[in-house]
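Here, each number is a calculation from the coordinates, and none is a lab measurement. What you see is a predicted model, and the numbers here were worked out from it, not measured in a lab. Cβ sites come from the backbone with ideal geometry, for glycine too, and all protein chains shown count toward neighbours.
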Amino acid sequence: MTEVARTREAFRQALGRARAKGDRVGFVPTMGALHSGHLQLAREAKRRAPYTAFSIFVNPTQFGPNEDLGRYPRDLEGDLRKCASVGVDLVFAPDASEMYPAGDATRVRVGALSEALCGPFRAGHFEGVATVVAKLFALAAPCLAVFGRKDYQQLRVIERMARDLLFDVEVVGVPTVRDDDGLAMSSRNAYLSPEERVRARSIPLGLGKAWSAFASGERRAGVLRSLALREVLPAATRVDYVTIADPDTLATIDDDAVISKPALVALAIWIEKTRLIDNLVLGEDPSPLAQDREGPSAT
Ligand code: AMP
């Protein structure tokens with residue numbers, strides 16, 4: 001049975017009871033509208049810690065004024081069923097007033113990692129993310145906290161925040177879960193019309209092109225970048241960025257550079273009114289495309 005906590009106090013008490021039994025807590029923060037990617041994080045948490053807690057909270061401070069806070073998909077009943085199906089022990093589903101008490105004025109700002117990649121396109125986004133995750137860690141620590149590599153920049157920002165603010169939290173990253181055609185699962189995929197969903201396929205195709213070239217020895221950053229860009233450009237309404245970057249610092253690697261270690265290829269594009277992000281670390285992550293992963297058949 002999955003227990004539901006609606007208040008900070010109920011969340012703390014439930015975690016306290018688990019710890020009193022000697023159980024380590026695995027914690028998975030989410031915004032709900034759960035899909036197989038989120039459930040993979042649950043499985044990873046359960047593998048590493050006997051007691052698993054989810055939070056489901058659409059965090060208003062990480063949305064810009066013209067972003068999709070109002071229409072972000074919400075389905076608490078369905079989410080609770082999914083949590084129960086993978087054995088999540090506790091779901092924390094607070095109201096905004098629980099997370100942002102009246103008069104709330106404190107924000108957490110993580111330096112350069114927040115300013116790379118999505119930073120210039122989503123002013124205040126990572127400040128909102130770091131702030132709400134710091135609040136969640138203040139309630140849930142000590143714990144192991146599981147995040148997806150789908151949001152690679154977010155993972156790096158949270159790792160740094162947890163370290164700098166001395167939280168007793170071990171941050172773990174989980175590989176991106178993809179649909180059969182390679183598109184990364186995302187709650188925002190629900191916005192796509194059937195025609196837009198077809199266009200979104202250009203994202204894994206572009207990343208797959210860069211992956212294959214890297215696997216064949218291509219190390220020129222500009223060539224790898226343009227292979228991905230060439231796929232997404234005709235499908236996108238707008239391209240925010242397609243960037244090759246250092247996977248640790250997220251600093252951009254210039255087109256004329258030659259790569260000598262694993263490199264992040266990250267992108268954000270718009271398909272009509274939906275902004276989609278994706279990434280992979282060349283030299284570390286598998287291809288987003290099943291055909292590259294499976295290799296030649298054994299017949
Ligand atoms: P969200 O609810 O979209 O804020 O995501 C909550 C957590 O799930 C974050 O750590 C995400 O990185 C992770 N996540 C979302 N989509 C995926 C995916 N397709 N594969 C793996 N993790 C994911």
Hey, any hits in region 94-105 for a residue that's over 20 Å from A123 (Cα atoms), surrounded by fewer than 11 Cβ atoms within 10 Å (Cβ to Cβ), touching a residue at least 24 places away in the same chain (Cβ under 8 Å) and not β-branched (V, I, T)?
-> yes
Verdict on D240 being within 19 Å of A116 (Cα to Cα), in contact (Cβ under 8 Å) with a residue 60 or more places away in the chain and in contact with a Phe, Trp or Tyr (Cβ under 7 Å, 6 or more places away or on another chain) | yes
If you scan region 253-295, which residues turn out to be within 25 Å of S186 (Cα to Cα), out of contact with any Phe, Trp or Tyr (no Cβ under 6 Å at 6 or more places or on another chain) and of a type in the set (S, T, N, Q)?
-> Q291
When region 261-279 is checked residue by residue, the ones that are in contact with a Gly (Cβ under 8 Å, 6 or more places away or on another chain) and of a type in the set (G, A, S) are A263
Only one of D79, D68, D75 that is surrounded by 14 or more Cβ atoms within 10 Å (Cβ to Cβ), of a type in the set (D, E, K, R) and touching a Lys or Arg at 6+ places or on another chain (Cβ under 8 Å) = D68
Conditions (1) surrounded by fewer than 22 Cβ atoms within 10 Å (Cβ to Cβ); (2) over 24 Å from A20 (Cα atoms); (3) not hydrophobic (A, V, I, L, M, F, W, C); number of the one not met by S114 | (1)
Identify the residue in region 44-59 that is away from the ligand (no atom under 11 Å from the Cβ) and free of Cβ contacts under 8 Å to residues at least 60 places away in the same chain and, among all such residues, is surrounded by the fewest Cβ atoms within 10 Å (Cβ to Cβ).
-> R47
Does R293 satisfy the condition of being of a type in the set (K, R), surrounded by 14 or more Cβ atoms within 10 Å (Cβ to Cβ) and farther than 20 Å from Q154 by Cβ?
-> no
Of A228, A200, A221, A162, the only residue that is surrounded by 16 or more Cβ atoms within 10 Å (Cβ to Cβ), under 12 Å from L280 (Cα atoms) and touching a strand residue (DSSP E or B) at 6+ places or on another chain (Cβ under 8 Å) is A228
Test set (1) touching a Gly at 6+ places or on another chain (Cβ under 9 Å); (2) in a loop (DSSP other than H, G, I, E, B); (3) surrounded by 15 or more Cβ atoms within 10 Å (Cβ to Cβ) - D254 fails condition number | (3)
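What are the residues in region 110-131 that are in a helix (DSSP H, G or I) and either within 14 Å of the ligand (Cβ to nearest atom) or closer than 22 Å to F92 by Cα (or both), if any? Step through it out loud before you land on a result.
Let us first name the residues in region 110-131 that are in a helix (DSSP H, G or I), namely 112-115, 119-121, 125-131.
Within region 110-131, H125, F126, E127, G128, V129, A130, T131 meet the criteria.
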The lone exception for A105 - which of (1) among the aliphatic types (A, V, I, L, M); (2) within 16 Å of the ligand (Cβ to nearest atom); (3) in a loop (DSSP other than H, G, I, E, B) it fails | (2)
Note on region 257-271: residues in contact with a strand residue (DSSP E or B) (Cβ under 6 Å, 6 or more places away or on another chain) and not in a strand (DSSP E or B) are P262
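For region 18-32, which residues satisfy the criterion of being among the hydrophobic types (A, V, I, L, M, F, W, C), surrounded by fewer than 23 Cβ atoms within 10 Å (Cβ to Cβ) and more than 7 Å from the ligand (Cβ to nearest atom)?
Quick first cut of region 18-32, residues among the hydrophobic types (A, V, I, L, M, F, W, C) only: 18, 20, 25, 27-28, 31.
Now drop any that are not surrounded by fewer than 23 Cβ atoms within 10 Å (Cβ to Cβ), which leaves 18, 20, 31.
Within region 18-32, A18, A20 qualify.
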May I ask you to list pairs of residues, at least six apart or on different chains, whose Cβ atoms are under 7 Å apart, with the first in region 244-257 being at positive phi and the second being in a loop (DSSP other than H, G, I, E, B) and crowded, with 19+ Cβ neighbours inside 10 Å?
-> L250/A116; L250/L117
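Considering each residue of region 33-42, count those that are more than 9 Å from the ligand (Cβ to nearest atom) and loosely packed, with under 15 Cβ neighbours inside 10 Å, and give that number.
Of the residues in region 33-42, 0 are more than 9 Å from the ligand (Cβ to nearest atom) and loosely packed, with under 15 Cβ neighbours inside 10 Å.
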